[in-house]
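*Asks:* Structure incoming, see below.
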Amino acid sequence: MMKLKLNFKARHAGMAALMNIAVLGGLILFNLLFQNIPAQWDMTKRKLFSLTDQTSTLIGGLEKEVQIYLLAKPGQEPKDIKEVLDRYAGASSKINLDVIDPDRNPALISNYTEEGQTVSPGSVIVASGAYSRVINRMDMYSISYSQQGQPQILGMTVEQRITSALSYVSTGKEPKIYVMEGHNEFTLTDLNLQDVVSKANFSIETLNLLKEGSIPSDAELVVILSPKRDITINESKALASYLEQGGALFVSLDLTGADMRNMDSLLERYNIIITPGFVMEKDTNRLLPGMGNNPLFFSPRLAVENPITDSLKENSLDTFVFTSMALRETEIRKRNLKFTPLLSSSESSWLRTDLNNTSEFRTADDTAGPVTIAASLAETNRDTGKEDGARIIVFASGKSLSTLPGLGQIKANIEFFINSLNWLSEQEESINIPSKSLFRLPLQMNALQAWIYAAICVLLIPLAIIITASVILFRRKNL
Amino acid sequence: MLAVFKKELLTYFTTSVGYIFMGVFLLISGILFTMGNIFGMDSDYATFLGGLIMIFLLVVPLLTMKIYSEEKRQKTDQLLMTAPQSTAGIVAGKFLAAVALFFMTLLITGLYPLFLSFHTRMDTAQIMGTYIGFFLLGISFISIGVYISSLTDSQAGAAILTFCVLIITWIVDFIGGFMPVSPLAGVIFALIITAMTAGWMYNATKNIPAAAIPVIIGVIIIAALYFINQDLFINLIAKTLSWFSLTKRFTDFPMGILKLNAVIYYLSFSGFFLFLTSQRIEKQRWS
């Protein structure tokens, strides 16, 4: 039988080998220990991989366990999404994150998807109890399409989507919005907004008020998109009684030339007056050279510190409006109604009410700007002082929500619309999470500067090294 | 240690090695930077820096090939062994000299983002983070090079071997994706690791019972883990490769995330290879 008897050399070698193994094992253990300590610094300027306070508050209030699945082959996870999900999992013991291989777990995934629905790798499933939501990978980025149809990633909306899904699955709350029909309105599908709105946690129904007679009791908010004909007196009454009970209304309007007296009188009850006409802007910073500086097409100013426009401001997203009408507050106002302009034109703009005037410049008949283009209205309870009464947002350029010729659909306009719906349905927590911009400023450099830098980097630096080397080596050789 | 460090650093500048390393690295990075960022009008510097690792990988062998092999060839290693210096001090001095040269080269590339910052707003913190990552990954590469240089007395051999090993560490993540994922494959992989440890032990001691010890311990641990939680062995090969991967941890840095565990991993990785190097040198005392 062999014995563990070692000579001098073998004993040393054995000891050395054992020591190597022990050191390796020790280092691995040490690293594993630190593996689970979430100490890290988010060094990105826009804090791409940190959670906002709104999300932290929501996570802090979670009562039920939430399961998040990231669908990806092991080792091929989209890192940017995974990093944000890790922050969620690290923020609460109630959130469990698993990366699952979609090819190996089709049964598990089919529990959360509808029949025939395919989920692309990189997508996320958020589930809690009976509620779940599937978020497609592409929905976690804000993407704009160039005129040639090339997609370009502008920002990350992972947190927006995940928090919205968390809020939904943990409460099961999915506010119902009723989109009015019967007056030649746009539908959400016409405006390409159906998908965006349902992803923002709303369940969508259509409403024909003439047939129904009153607003359904489960309506969280009513949306009227650019009616071409006026509403009837009965409809106006039904809407008024809904608003009196603390309802919420989004109205977008366009210049149609139709008599809209019932709609006007409904809004007037809430201190809002619409002036038919169109706003013309002359401030060249707000016009688009690509549109020939057309004064009817401009980027309005955003309200200061407002939950509806803040996310646009933070990301420097510009809304654009086209042939907008004007809004203003009535002279005699009900005190408990708070009117807040959201979008307005500049001082160098004006409102033209004489539609036959074709001058590109301001004439005597025009009313001087600034002109309000969109406004929110909140009713405060006289007794408690809380803003829990009616909420209305009026947008006087309904067409701007649709696809604009030569520009496509304006992303900021869609975000403005969704933020408006969130504010109206009092879902403030999902409003303030902006999409985080990945946009980089391009280099402002002329050709000469570029050549100078190229010369420094490619010629000067390597040459300096070669010359120094030659001098030193030559001197040493001739010592 | 300081004496060795000074002498080594001076050698880089009094021979052509240091200049070749700096010259080649800065020339290639200058060309890439000019093509990508200057003429490409792209202000994304962190991604450029991430791509530069590949170039660094090509020049590391230049930096480390002669560190020990040259001493061995000229038999000056015996002088070192008898010098009033600890083995660890010698290893650390030589390693730090290479790191210092690498650091100086990186400092010069700091001009690039400076140029860009005149013409756009730069994400300074993110660039600093990427540089930290680059530096840490760089010292890990250098530590591999130092170890390999201690294995041979041929500079060319050390350079080629270093290059091959670095390429393997570079693609190890990629290889992981093609490995079988079943628990059985995981168990076989764990057994192979155990067998390799035993082989290493046998090679060192030439004694079968000494080599049998790691086999017995390894098999017991594997069997116990298999019965406790079989899931541990699913996709074990890819998981292990990915955990040890140097490049996978680096990907966080250009994204702007500085993770403590990545910093610790790189430092322990370099530390381990330096430890192996000093063991290797120490071996000459008793073999």
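The values are calculated or read from the model by the stated rules, or taken from the named source; none is laboratory data. Keep in mind that this is a model prediction, so the values were computed, not measured. Cβ coordinates were reconstructed from backbone atoms using ideal geometry, including for glycine residues, and neighbour counts include every protein chain displayed. What goes into the accessible areas is simple: the full protein's heavy atoms, side chains included, and nothing from ligands, DNA or RNA. Shrake-Rupley method; radii C 1.70, N 1.55, O 1.52, S 1.80 Å.
*Asks:* State log₁₀ I(q)/I(0) for segment A:208-345 at q = 0.11, 0.13, 0.19 Å⁻¹ as given by the Debye formula over alpha-carbon point scatterers of equal weight, solvent excluded.
*Replies:* -0.50, -0.69, -1.25
*Asks:* Is the C-alpha gyration tensor of chain B telling us rounded, prolate or oblate? Criteria: a/c under 1.5 is rounded; beyond that, a/b larger than b/c is prolate, otherwise oblate.
*Replies:* Oblate shape, in that a/c is at least 1.5 and b/c is the bigger or equal ratio.
*Asks:* Also: At a threshold of 8 angstrom on Cα-Cα distance, excluding pairs fewer than six apart, so keeping six or more, what relative contact order does chain B reach in percent?
*Replies:* Worked out over chain B, it gives 26 percent.
*Asks:* While we're on this one: Where Lys and Arg each count +1 and Asp and Glu each count -1, what net charge lies around A:LEU266 among other residues with Cβ under 13 Å from its Cβ?
*Replies:* Overall, the nearby charge balance is -2.
*Asks:* Kindly give the semi-axes, whole Å and largest first, of the ellipsoid equivalent to the protein assembly as shown, taking each as the square root of 5 times a Cα gyration tensor eigenvalue.
*Replies:* Computed over the protein assembly as shown, the values are 66, 34, 18 Å.
*Asks:* A further question on this structure: Using only the Cα atoms of segment B:225-271, what are the Rg and Dmax in Å?
*Replies:* Both quantities, over Cα of segment B:225-271: 13.8, 41 Å.
*Asks:* Sorted by accessible area (1.4 Å probe), largest first, how do B:TRP200, A:TRP451, B:TRP170, B:TRP243 line up?
*Replies:* Accessible-area ranking of B:TRP200, A:TRP451, B:TRP170, B:TRP243, largest first: A:TRP451, B:TRP200, B:TRP170, B:TRP243.
*Asks:* Something else about it: Counting only protein heavy atoms and using a 1.4 Å probe, what share of the accessible area of segment A:77-220 belongs to carbon plus sulfur, as a whole percent?
*Replies:* C and S atoms contribute 43 percent here.
*Asks:* Just the number please: accessible area per residue for segment B:13-93, 1.4 Å probe, all protein chains included, in Å².
*Replies:* Ligands and nucleic acids excluded, the result is 37 Å² per residue.
*Asks:* Helix hunt in chain A: which complete DSSP H runs extend at least 30 Å axially by C-alpha with mean Kyte-Doolittle at least -0.5?
*Replies:* Those that pass (Cα extent of 30 Å or more, hydropathy at least -0.5) are A:8-35.
*Asks:* Could you work out the Rg to Rh ratio of segment B:183-234, with Rh taken as the Kirkwood radius (inverse of the mean 1/r over all Cα pairs)?
*Replies:* So for segment B:183-234, dividing Rg by the Kirkwood Rh gives 1.06.
*Asks:* Please give the total accessible area that chains A and B bury against each other, computed with a 1.4 Å probe and expressed in Å² to the nearest 100.
*Replies:* Roughly 6000 Å² of accessible surface disappears when A and B pair.
*Asks:* Go through A:GLN35, A:GLN245, A:ALA390 and say which Cα lies farthest out towards the positive end of the charge dipole of chain A; charges sit on Cβ, +1 for Lys and Arg, -1 for Asp and Glu.
*Replies:* Comparing the listed Cα positions along the dipole, A:GLN35 ranks first.
*Asks:* Considering only protein heavy atoms and a 1.4 Å probe, what is the carbon-and-sulfur percentage of the accessible area of chain B?
*Replies:* The C+S portion of the solvent-accessible surface of chain B is 76 percent.
*Asks:* Continuing with this model, one more query. Tell me, rounded to the nearest percent, the portion of alpha carbon pairs in segment B:1-147 spaced more than 25 Å apart.
*Replies:* 35 percent
*Asks:* Sticking with this one: Could you pull out every residue, at least 5 positions away or on a different chain, whose amide H is within less than 5 Å of the one on A:VAL66? Hs are placed 1.01 Å off N in the peptide plane, and Pro or chain starts have none.
*Replies:* Close amide H contacts, sequence-distant or interchain: A:ILE95, A:ASN96.
*Asks:* For a bin width of 5 Å, list the pair-distance distribution of segment A:35-190 built from all Cα-Cα distances, rounded to whole %.
*Replies:* Bins of 5 Å from zero give 1, 8, 16, 18, 19, 15, 11, 6, 3, 1, 0, 0, 0 percent of pairs.
*Asks:* Here is a further query. What size of dipole, in debye to the nearest 20, comes out for segment A:157-288 about its Cα centre when the only charges are +1 on Lys and Arg C-beta atoms and -1 on Asp and Glu C-beta atoms?
*Replies:* Roughly 120 debye for segment A:157-288.
*Asks:* Given a 1.4 angstrom probe, what's the average accessible area per residue across segment B:183-234, in square angstrom?
*Replies:* Here the residues of segment B:183-234 average 61 Å² of exposed surface.
*Asks:* Suppose only helical runs count, i.e. DSSP H with n ≥ 4. What mean residue ellipticity at 222 nm does that imply for the protein assembly as shown under -39500 (n - 2.57) per run, divided by all residues and rounded to the nearest 500 deg cm²/dmol?
*Replies:* Taken over the protein assembly as shown, the calculation gives -15500 deg cm²/dmol.
*Asks:* Follow-up. Enumerate the helices in chain B for which the Kyte-Doolittle hydropathy averages 1.6 or more and the C-alpha atoms extend at least 24 Å along the helix's axis, using complete DSSP H runs.
*Replies:* B:16-33, B:45-64, B:87-109, B:155-176, B:208-228
*Asks:* For every other residue with a beta carbon closer than 12 angstrom to the beta carbon of A:ASN336, add +1 if it is Lys or Arg and -1 if Asp or Glu, then tell me the sum.
*Replies:* Local net charge: +2.
*Asks:* How high is the relative contact order of chain A, in percent, counting Cα pairs under 8 Å that sit 6 or more residues apart?
*Replies:* Once normalised by length, the contact order is 13 percent.
*Asks:* Can you find, among A:TYR270, A:LEU302, A:SER349, the residue sitting farthest towards the positive end of the charge dipole of segment A:265-361, where Lys and Arg contribute +1 and Asp and Glu -1 at Cβ?
*Replies:* A:TYR270
*Asks:* What number do you get for segment B:149-273 when its Cα radius of gyration is normalised by 2.2 N^0.38 Å, N = residues?
*Replies:* Compactness ratio reported: 1.27.
*Asks:* Still on this structure: Using a simple charge model, +1 on the beta-carbon of Lys and Arg, -1 on the beta-carbon of Asp and Glu, nothing else, what dipole does the protein assembly as shown show about its Cα centre, in debye to the nearest 20?
*Replies:* 4580 debye
*Asks:* Does any residue of segment A:43-61 lose at least 30 Å² of accessible area with all protein chains in place compared with its chain alone, and if so which ones (probe 1.4 Å)?
*Replies:* With the partner chains in place, segment A:43-61 has these residues losing at least 30 Å²: A:MET43, A:THR44, A:LYS45, A:PHE49.
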